[in-house]
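Throughout, read-outs are computed from the coordinates displayed, never taken from laboratory work. What you see is a predicted model; the values in this text were computed from it and never measured. Heads up, the Cβs are rebuilt from the backbone with ideal geometry, glycines too, and the neighbour counts pull from every protein chain shown.
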Number of protein chains: 2
Amino acid sequence: MSLSPETLALVEGLRRGERRALAKSITLLESTRRDDRVRADALLNELLPSTGRSCRLGISGVPGAGKSTFIEALGLYLIERGHRVAVLAVDPSSSRSGGSVLGDKTRMERLSVQPAAYIRPSPSSGTLGGVAEKTREAMLACEAAGFDIIIIETVGVGQSEIAVAGMTDVFVLLQLPNAGDELQAIKRGVMEVADMIVINKADLDADAATRARAMITSALRTFSLHGRGDSQPPVLQLSALKGEGIADFWTAAGQIVAERHASGAFTERRRSQALSWMWDNVHARLLADFHAHPGVRAALPSVLQDVNEAKVAPSAAARALLELFKH
Amino acid sequence: MSLSPETLALVEGLRRGERRALAKSITLLESTRRDDRVRADALLNELLPSTGRSCRLGISGVPGAGKSTFIEALGLYLIERGHRVAVLAVDPSSSRSGGSVLGDKTRMERLSVQPAAYIRPSPSSGTLGGVAEKTREAMLACEAAGFDIIIIETVGVGQSEIAVAGMTDVFVLLQLPNAGDELQAIKRGVMEVADMIVINKADLDADAATRARAMITSALRTFSLHGRGDSQPPVLQLSALKGEGIADFWTAAGQIVAERHASGAFTERRRSQALSWMWDNVHARLLADFHAHPGVRAALPSVLQDVNEAKVAPSAAARALLELFKH
């Protein structure tokens with residue numbers, strides 16, 4: 001694929017670390033227009049050799065867990081140490097709600113004014129698959145622009161959390177020192193993909209935080225007893241608001257990354273994420289093509305009605321629709 | 001679709017409740033041969049008006065929870081009361097292991113010799129989607145043959161359990177009175193789809209069973225406090241081995257069914273299950289067609305290698321494969 005002059009200008013701007021080129025690149029990557037998509041693919045493939053050298057950090061937690069406060073404190077800490085920090089988000093609800101995650105930059109106003117920080121709200125294309133896809137591509141653009149730490153924030157909803165765990169190197173679950181919060185996390189299926197568990201707001205009630213930590217550690221132990229095998233993720237306490245525990249958090253995260261680099265698990269995880277990303281994309285586009293097919297669209301209402309009224313077996317209905325799709 | 005004489009003979013045999021016709025019908029439904037599939041669709045659509053009038057019961061639990069013992073005790077209890085009971089299974093591992101669920105009818109030897117009982121092991125087509133699909137179709141054949149209670153057994157693995165919950169009217173989770181068993185169930189995501197939770201082997205250690213019950217009830221309460229909304233599923237104790245608590249179980253299951261019939265939830269659940277079934281089928285076949293496409297098959301190894309070596313962006317690779325598929 002040859003690059004158009006506009007795309008080439010974007011690439012050169014990105015390589016110089018220009019924020020404006022980064023913003024324009026992400027806008028291009030997020031575009032759903034067909035001709036934009038061809039340019040976006042060319043851009044991505046051109047950028048690819050300059051990507052992949054950041055640390056990708058996923059942050060999740062229920063509303064009120066203090067994600068913005070934590071990300072701001074961590075971002076400022078990292079910038080002070082010479083890092084360049086990009087903050088992205090995956091929030092499929094943002095198209096409806098107008099953005100519950102990062103919709104409002106004022107939530108991180110000290111971080112957002114830093115020249116070494118770049119904050120971008122969640123794309124709002126509707127489905128989780130679409131949003132996750134665009135965030136993955138934005139992450140590559142940030143890496144090409146020289147950001148060496150990418151933080152991806154998500155809401156405490158199982159599906160989004162699993163998606164973000166699947167695109168980051170270290171996935172952090174932010175918990176509140178509340179009874180039952182750990183059960184919620186287990187229920188959402190997120191406890192088993194967490195690489196680190198952080199009890200935030202530990203300053204508010206030290207006893208509750210200690211109890212929460214004991215509950216979580218015990219829950220994690222139960223799982224490994226039942227065959228999880230992996231070493232247990234560390235459980236830390238901190239106060240993002242007071243900035244207490246941020247340095248310890250970063251040390252622990254760095255240890256996980258170092259251990260995985262040493263064992264080869266880091267590269268293996270990146271590789272398997274790239275393959276999952278490709279297959280997710282194939283599945284999503286196959287379905288989109290199916291739903292956009294004129295024959296399928298025309299037949300669907302009556303087929304759905306037949307299935308609803310149990311006039312045709314669901315599997316026979318599926319086969320009838322697929323026959324239409326093939327022609 | 002017109003019926004061939006052989007298929008017509010199957011239909012008539014089924015309507016007379018003949019076990020041989022039932023076994024042959026399920027074998028046809030399980031066949032992966034293309035011409036068999038056309039006959040199978042015709043058979044399904046012909047049977048459809050005679051289906052749907054059973055109570056569909058899903059039973060799950062980890063190995064050792066006593067699923068076979070429970071199903072045998074329940075089946076014998078129901079047959080004594082004039083019901084006809086079919087027992088099917090969803091166990092995607094059975095193709096590899098030779099069958100861990102219902103592979104061995106001797107595990108239910110008293111039930112299997114009953115004229116009013118029909119036991120069929122899990123189909124072993126490999127993927128969960130395929131196995132679930134065939135079990136759904138076998139369920140319809142059993143209903144057409146006059147079985148009014150269909151019990152679908154599955155293994156205690158999250159995905160299979162969710163699939164079985166999605167094809168039954170009442171999904172029962174069998175638990176052991178062991179510490180941590182409820183956390184496992186929450187982790188598998190099965191606690192939230194369970195309509196009833198049954199602590200089996202309650203005779204072995206009454207204290208442990210009572211503690212398990214309290215733990216489960218408390219976990220369920222935590223969830224509803226956090227917005228689940230539904231009424232909580234009943235938590236029962238019983239001993240399948242001694243036959244204690246089976247009548248109470250059946251009364252509680254009947255109450256759930258009666259309440260759902262009264263509220264309209266029963267019909268709504270059946271309807272939405274039929275739609276999910278259709279879409280699952282569409283997705284699975286789209287993917288199968290994609291993977292079977294000669295152009296895709298030829299290009300896939302080098303595309304995978306490029307993605308593995310980060311030479312091409314995963315989303316660009318996906319689009320390249322989809323272009324091949326379209327031609």
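Given charges of +1 on the Cβ of Lys and Arg and -1 on the Cβ of Asp and Glu, with all other atoms neutral, how large is the dipole of chain B about its Cα centre, in debye to the nearest 20?
Roughly 380 debye for chain B.
Ratio of Rg to Rh for chain A, alpha carbon only, Kirkwood?
Rounded to two decimals, Rg/Rh equals 1.02.
From the label point of B:Pro63, set 7 Å along Cα to the beta carbon, how far off in nm is each other copy's matching point, shortest first?
For B:Pro63, the other copies' label points sit at 4.4 nm, shortest first.
Using Cα pairs under 8 angstrom and six or more residues apart, how large is the relative contact order of the range A:1-50, in percent?
Relative contact order for the range A:1-50 comes out at 40 percent.
Give the percent of DSSP beta bridges with both residues in the protein assembly as shown that are antiparallel, rounded to the nearest 5.
Rounded to the nearest five, the antiparallel share is 5 percent.
Setting aside same-chain residues fewer than 8 positions from B:Lys201, which aspartates and glutamates have a Cα under 14 Å from its Cα?
B:Asp181, B:Glu244
Using the Cα centre of the protein assembly as shown as the reference point, and only Cβ charges (+1 on K/R, -1 on D/E), how large is the resulting charge dipole? Debye, rounded to the nearest 20. Spell out each step's value before the answer.
On the way: 76 positive and 74 negative charges, 160 e Å.
Taking the Cα centre of the protein assembly as shown as origin, the dipole is about 780 debye.
Would you please name the GluC sites (Glu not before Pro) within the range B:240-310 that are DSSP coil residues with at most 11 other C-beta atoms within 10 Å of their C-beta?
The qualifying sites are B:Glu309.
Give the nm distances, rounded to one decimal, from B:Thr32 to the matching residue in every other copy, measuring between label points 7 Å along Cα toward the beta carbon; shortest first.
Listed shortest first, these distances are 3.7 nm.
What does the charge add up to near B:Arg285, with Lys and Arg as +1, Asp and Glu as -1, over the other residues with Cβ less than 12 Å from its Cβ? Numbers along the way, then the final one.
Numbers: positive: A:Arg319, A:Lys326, B:Arg37; negative: A:Glu323, B:Glu133, B:Asp280, B:Asp289.
Combined, the nearby Lys, Arg, Asp and Glu give -1.
If the limit is 24 Å between Cα atoms, which of B:Lys134/B:Lys187; B:Lys187/B:Lys242; B:Lys24/B:Lys67; A:Lys67/A:Lys242 go over it? Let's see the in-between values first.
Details: B:Lys134/B:Lys187 27 Å; B:Lys187/B:Lys242 30 Å; B:Lys24/B:Lys67 27 Å; A:Lys67/A:Lys242 14 Å.
The pairs that break the limit, which is 24 Å between Cα atoms, are B:Lys134/B:Lys187; B:Lys187/B:Lys242; B:Lys24/B:Lys67.
Could you work out how far helix B:5-15 tilts from the main Cα principal axis of chain B, as a 0 to 90 degree angle to the nearest 10?
20 degrees
Could you give the spread of the C-alpha atoms of the range A:129-286 along their three principal axes, from largest to smallest, in whole angstroms?
So the extents along the principal axes, rounded to whole Å, are 49, 36, 31.
Given the options B:Phe266, B:Thr251, B:Leu140, identify the residue whose Cα lies farthest towards the positive end of the charge dipole of chain B (+1 on Cβ of Lys, Arg; -1 on Cβ of Asp, Glu).
B:Leu140
Would you kindly state how much longer the chain becomes between A:Glu18 and A:Asp36 on full extension, computed as 0.36 nm times their sequence separation minus their alpha carbon distance, in nm to one decimal?
Length gained, A:Glu18 through A:Asp36: 4.4 nm.
Find the relative contact order for chain A and round it to a whole percent, using C-alpha pairs within less than 8 Å whose residues are 6+ positions apart.
For chain A, the relative contact order is 17 percent.
Could you give the dipole magnitude of the range B:1-74 about its Cα centre, charging the beta-carbon of Lys and Arg +1 and that of Asp and Glu -1, in debye to the nearest 20?
Roughly 120 debye, rounded to the nearest 20.
When the Cα atoms of the protein assembly as shown are enclosed in a convex hull and the volume is divided per residue, what value in Å³ results? Walk me through the intermediate numbers first.
Numbers: hull volume 106.8 nm³, N = 654.
For the protein assembly as shown, the hull spanned by Cα atoms encloses 163 Å³ per residue.
For B:Leu321, A:Leu287, which order do you get if you count the other beta carbons within 10 Å of each Cβ and list the fewest first?
Ascending number of Cβ neighbours within 10 Å: A:Leu287, B:Leu321.
Trypsin sites (Lys or Arg not before Pro), restricted to the range B:5-91: which are DSSP loop and have at most 11 other Cβ atoms within 10 Å?
B:Arg16, B:Arg33, B:Arg53, B:Arg81
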